[in-house]
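The values are calculated or read from the model by the stated rules, or taken from the named source; none is laboratory data. These numbers were taken from a predicted model, which means no experiment stands behind them. Every residue, glycine as well, gets a Cβ built from its backbone with ideal geometry; the counts of neighbours run over all protein chains shown. Side chains are part of the model used for accessible areas, which takes the heavy atoms of the whole protein and leaves out ligands, DNA and RNA. Shrake-Rupley method; radii C 1.70, N 1.55, O 1.52, S 1.80 Å.
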Amino acid sequence: MSKEVLMVIDVQSAVMEESSHNREETIDRISGLIRNARERNVAVIYVQHEFPEGPMKRGEQGWQLHPQLEQPLSNEVIINKTLPNSFAGTTLKQTLDQLHATHLYICGAQTDYCVDSTCRGAFDLQFDVTLITDAHTTADNEHLTAEQIIQHTENTLKNFWSPNSTITLKKSSDILWMQKEVRK
C-alpha cells in the first residue's frame, strides 16, 4: 500500500504575484486539496523558496505563504529551499522517508521551474508522482504563454518511464482522496 503525501510548492506572495495564470482559482484549488488531504490523513508538506536578498528573503512579505492559501498547521512540515528542485540541499528526502512516503501529489508554482524540477527529482528518487494538472501555475515568458508552458511541461512529464516509479497527471477531482466519499 502506498503512503501518500501532498506537496505544496512555493505558493508564496512574491511567486504568486508573478504567476498570473488562473492565480486565484489555483490557490483556492490548492487550499481545497490541503483541507481534503488533512481530512483523509494524507500528510501535507509545504515548500518555500528563498533568496539571500530581495522580496524572497526569508521573513520578507514576498517570502510568506500567500494569505489566500490554507496555512500550515503546527504539526505540518515546511521545507525551505534555495534551488528549484525541492530535494536539492534540503531535508525533504529524509522527511519523506520518515513518513514512509511512496507517492507524492505535487501542486504549486511555478510550473516550469520548481514544480517541474521537483517532479523530476522525486521520479529520480523512485517516488511515484502525480502532478495535479489544475493545481499548478506559472507566468508567460518571452517565448511562450503560461498555458503553453503548462501544456509543454505536462506533455513532457507524462512520458517519463521507469520500472521503479511513475509520473501521472490528474485533475484534482480525479484524486481519490478529493472525492466526497472515499471508496474502500
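Please give the per residue accessible area of region 79-184, computed with a probe of 1.4 Å over protein heavy atoms only, in Å². Present the calculation step by step, with values, prior to reporting the outcome.
Working: 5550 Å² over 106 residues.
Value returned for region 79-184: 52 Å² of accessible area per residue.
Want the number for residue 28 to residue 80: 0.36 nm per residue separation, take away the alpha-carbon distance, what's left?
Working: separation 52, 0.36 × 52 = 18.72 nm, distance 2.24 nm.
Answer, rounded to one decimal: 16.5 nm.
Keeping to pairs on different chains or 8 or more places apart, tell me how many lysine pairs in the chain have Cα atoms under 25 Å apart.
Lysine pairs meeting both conditions in the chain amount to 18.
Between residue 159 and residue 51, how many nm apart are label points set 7 Å from Cα along the C-beta direction?
Calculated label separation equals 3.3 nm.
Pop the C-beta distance of residue 95 and residue 140 into the FRET formula with R0 = 30 Å and round what comes out to the nearest 0.05. Let's see the in-between values first.
On the way: r = 34 Å, r/R0 = 1.12.
Between residue 95 and residue 140 the formula returns 0.35.
What net charge is computed for the residues neighbouring residue 149, neighbours being all others with C-beta under 9 Å from the C-beta of residue 149, Lys and Arg scored +1, Asp and Glu -1?
Numbers: positive: none; negative: 112, 140, 147.
Charge balance in the 9 Å sphere: -3.
Could you look at the chain and say what percent of its accessible area is carbon and sulfur, using a 1.4 Å probe and all protein chains?
48 percent
Considering all projection directions equally, how large on average is the shadow of the alpha-carbon convex hull of the chain, in square nanometres?
Over every viewing direction, the Cα hull of the chain projects on average to 10.4 nm².
How much of the calculated P(r) for region 1-104 lies past 25 Å, in percent of all Cα pairs? Don't skip to the answer; put the middle values down first.
Working: 1011 of 5356 pairs.
Counting pairs separated by more than 25 Å, the tail of P(r) holds 19 percent.
Go through 95-101, 43-49 and give me the packing order, highest mean Cβ count within 10 Å leading. Don't skip to the end; give the middle numbers.
Working: 95-101: 15.0, 43-49: 21.6.
Ranking the peptides 95-101, 43-49 by packing returns 43-49, 95-101.
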